[in-house]
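Written out below as structure tokens is the structure these notes cover.
The values are calculated or read from the model by the stated rules, or taken from the named source; none is laboratory data. Since the structure is predicted, the reported quantities are computational estimates derived from the model, not experimental observations. Ideal geometry is used to build each Cβ from the backbone, glycine not excepted, and the neighbour counts take in all protein chains shown. Note: areas computed on protein heavy atoms with side chains; ligands, DNA, RNA excluded. Shrake-Rupley method; radii C 1.70, N 1.55, O 1.52, S 1.80 Å.
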Amino acid sequence: MSQLEQLRAVMGRAGVDALWISDAANVRYLSGFTGGKDGKVLVTPQGETLYTDARYTVQAEQESRMPQFIARPPATLEHAAPGVAGLRVGFEAESLTVAELEQLREFWPQATLVGTAGVLSELRMIKTPAEVQAVRDAQALADRVFAQVRPMIRAGVRELDVALEIESLLRRAGAESAFEIIVASGPRGAMPHGVASERVIEDGELVTVDMGARLNGYNSDMTRTVAVGTPSPEMRRVYRAVLEAEEAAVQAVRPGVSGAELDALARGILTGHGLGEAFAHSLGHGVGLMVHEGPSLRGSSEDVLRPGMIVTVEPGAYLPDVGGVRIEDLVLVTDDGFEVLSRSEKEVV
Ligand SMILES: CSCC[C@H](N)C(=O)N1CCC[C@H]1C(=O)N[C@@H](C)C(=O)O
């Protein structure tokens, strides 16, 4: 089944006849168009159209797998109006602004507008072979860059300079950083999202580096915590506990296991080491066109792993004013288990 056929089946289950797609990643996923928020897709029982404006005429022709209509709103909405009259039209409640919804109401008076959530994320969770290759390529690049940068993570170097080097190597390789690079040294390691600061790394510290490459639209995500000199016995103990939790959770990845079960497994191990409270976020998430997408590996998640999903496994422990550790791998769910896509070495601390 093509992506559009699958989407129409999901739309049927969601109780809508047509879908107005405004989320940039979803627009790209369905049409191939990379113009971000300047593209919209309308899927009706009759067909599908990419709407974008004249700045993108050539780009849309080159990229789009579906017919295009080039205009700006409200001309785009006027063009679509006859095709949606009398239909229940879903819109993406998480990405459409209130102003845009008002405009749909004004120009599609004969449509019944229905807010939807996650219609496309159900499809995007399972990667096609081409998508798996794209994420694999992004991660392979990230691994190469990390290997190049690892020697510069030493006492006397600013976190910012480590991040700039990663960013520069990614850009030179034709990619970009998937998100603001996290380089959190010493006590800053207690911040799970401690993006690189001007802090100078000191001897005896752990440094958490969380980085990803975005290559051809697809992302990677990986964290390594590295030692500069010899960290304190307490932080070495924390490192080993996080590593144990991470490796156990990766080994448990397979079709049929739920995100909640994996989260509980890692959390249980950290709790056994007295670090349950210190694990301040979920175990992981899906990765693809977005760094954070489904499935979710958190306690409240109902997602169950299936072959073709790509998830992170990233337990951490964060001790305010002391430091922190996170170790993260990018993992493909295979027919009978898992494949770890991130290959960067994990240090023995
Ligand atoms: C801003 S992108 C951060 C990428 C990173 N690898 C990541 O996903 N992190 C860092 C620590 C927590 C985790 C995260 O943000 N998890 C989300 C899904 C959560 O809500 O737990």
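Would you confirm, using the coordinates I've provided, whether Gly15 is open to solvent by 20 Å² or more (accessible area, probe 1.4 Å) and on the phi > 0 side of the Ramachandran plot?
Yes: the conditions hold for Gly15.
Which one of these does Arg88 not meet: (1) touching a Ser or Thr at 6+ places or on another chain (Cβ under 7 Å); (2) under 19 Å from Gly32 (Cα atoms)?
(2)
Just wondering, is there one or more residues in segment 312-331 that are away from the ligand (no atom under 15 Å from the Cβ) and within 15 Å of Val250 (Cβ to Cβ)?
The answer is no; no qualifying residue exists.
Based on what the data block shows, is Glu234 within 16 Å of the ligand (Cβ to nearest atom) and surrounded by fewer than 19 Cβ atoms within 10 Å (Cβ to Cβ)? Write out each step before concluding.
On the way: within 16 Å of the ligand (Cβ to nearest atom): no; surrounded by fewer than 19 Cβ atoms within 10 Å (Cβ to Cβ): yes.
When the stated conditions are applied, Glu234 does not pass them.
Within segment 251-279, track down each residue that is within 30 Å of Asn26 (Cβ to Cβ) and either without any contact (Cβ under 8 Å) to a residue 40 or more places away in the chain or within 12 Å of the ligand (Cβ to nearest atom) (or both).
Matches in segment 251-279: Gly259, Glu261, Asp263.
I need every pair where a residue in segment 169-182 that is assigned to a loop (DSSP other than H, G, I, E, B) has its Cβ under 8 Å from the Cβ of a residue that is away from the ligand (no atom under 16 Å from the Cβ) and open to solvent by 60 Å² or more (accessible area, probe 1.4 Å), sequence separation at least 6 or different chains.
Listed pairs, sorted by first residue: Ala173/Arg144.
Yes/no matrix, rows are residues, columns are (1) under 17 Å from Ser220 (Cβ atoms); (2) not hydroxyl-bearing (Ser, Thr, Tyr):
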| site | (1), (2) |
| --- | --- |
| Phe107 | no, yes |
| Thr112 | no, no |
| Arg124 | yes, yes |
| Lys127 | yes, yes |
| Ala134 | yes, yes |
| Gln139 | yes, yes |
| Ala142 | yes, yes |
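List pairs: first residue in segment 209-234 and farther than 22 Å from Met309 by Cβ, second residue open to solvent by 30 Å² or more (accessible area, probe 1.4 Å) and at pLDDT 95 or above anywhere in the structure, Cβ distance under 7 angstrom, at least six positions apart or on different chains.
Arg224/Lys346; Val226/Arg150; Val228/Arg154; Val228/Ala155; Val228/Asp203; Gly229/Ala155; Gly229/Asp203
Results for (1) touching a Cys at 6+ places or on another chain (Cβ under 9 Å); (2) closer than 18 Å to Ala24 by Cβ; (3) surrounded by 12 or more Cβ atoms within 10 Å (Cβ to Cβ); (4) in contact (Cβ under 8 Å) with a residue 40 or more places away in the chain, shown as yes or no for each residue.
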| residue | (1), (2), (3), (4) |
| --- | --- |
| Tyr51 | no, yes, yes, no |
| Ala75 | no, no, yes, no |
| Val89 | no, no, yes, yes |
| Ala99 | no, yes, no, no |
| Thr116 | no, yes, yes, yes |
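Which residue out of Glu176, Glu244, Glu131 is open to solvent by 40 Å² or more (accessible area, probe 1.4 Å), within 17 Å of the chain's Cα centre (by Cα) and either closer than 30 Å to Val333 by Cα or small (Gly, Ala, Ser) (or both)?
On the way: Glu244 fails: within 17 Å of the chain's Cα centre (by Cα); Glu131 fails: open to solvent by 40 Å² or more (accessible area, probe 1.4 Å).
Answer to the check: Glu176.
When you scan segment 175-203, how many residues do you find that are on the phi > 0 side of the Ramachandran plot and within 12 Å of the ligand (Cβ to nearest atom)? Outline the logic, then answer.
First pass over segment 175-203, keeping only residues on the phi > 0 side of the Ramachandran plot: 186.
Keeping just the survivors that are within 12 Å of the ligand (Cβ to nearest atom) gives none.
Summing the residues that are on the phi > 0 side of the Ramachandran plot and within 12 Å of the ligand (Cβ to nearest atom) in segment 175-203 gives 0.
Being without any contact (Cβ under 8 Å) to a residue 60 or more places away in the chain, more than 10 Å from the ligand (Cβ to nearest atom) and part of a loop (DSSP other than H, G, I, E, B) is the filter; apply it to segment 280-306 and report the residue that is most open to solvent (accessible area, probe 1.4 Å).
Per the stated criteria, the residue is Glu302.
Restricting to segment 198-231, count the residues that are open to solvent by 30 Å² or more (accessible area, probe 1.4 Å) and more than 30 Å from Gly35 (Cα to Cα).
Within segment 198-231, residues that are open to solvent by 30 Å² or more (accessible area, probe 1.4 Å) and more than 30 Å from Gly35 (Cα to Cα) number 7.
If you check every pair at least six apart or on different chains, which have Cβ atoms under 8 Å apart with a residue in segment 121-140 that is over 19 Å from Val304 (Cα atoms) first and a residue that is open to solvent by 50 Å² or more (accessible area, probe 1.4 Å) and of a type in the set (D, E, K, R) second?
Pairs that qualify, where the first residue is over 19 Å from Val304 (Cα atoms) and the partner is open to solvent by 50 Å² or more (accessible area, probe 1.4 Å) and of a type in the set (D, E, K, R), are Ala138/Arg214; Gln139/Arg343; Ala140/Arg343.
Name the residue that is nearest to the ligand (Cβ to nearest atom), counting only residues in segment 204-222 that are assigned to a loop (DSSP other than H, G, I, E, B) and closer than 25 Å to Gln139 by Cβ. Explain how you work it out, then say what you get.
Residues of segment 204-222 that are assigned to a loop (DSSP other than H, G, I, E, B), as a first pass: 204, 212, 216-217, 220-221.
Filter once more, keeping what is closer than 25 Å to Gln139 by Cβ: 212, 216-217, 220-221.
On the way: Gly212: 7, Asn216: 19, Gly217: 16, Ser220: 10, Asp221: 5 Å.
Among them, the one singled out is Asp221.
Which members of segment 18-45 meet the condition of being closer than 22 Å to Arg72 by Cα and open to solvent by 50 Å² or more (accessible area, probe 1.4 Å)? Please lay out each step first, then the result.
First, the residues of segment 18-45 that are closer than 22 Å to Arg72 by Cα: 18-44.
The answer is Arg28, Thr34, Lys37.
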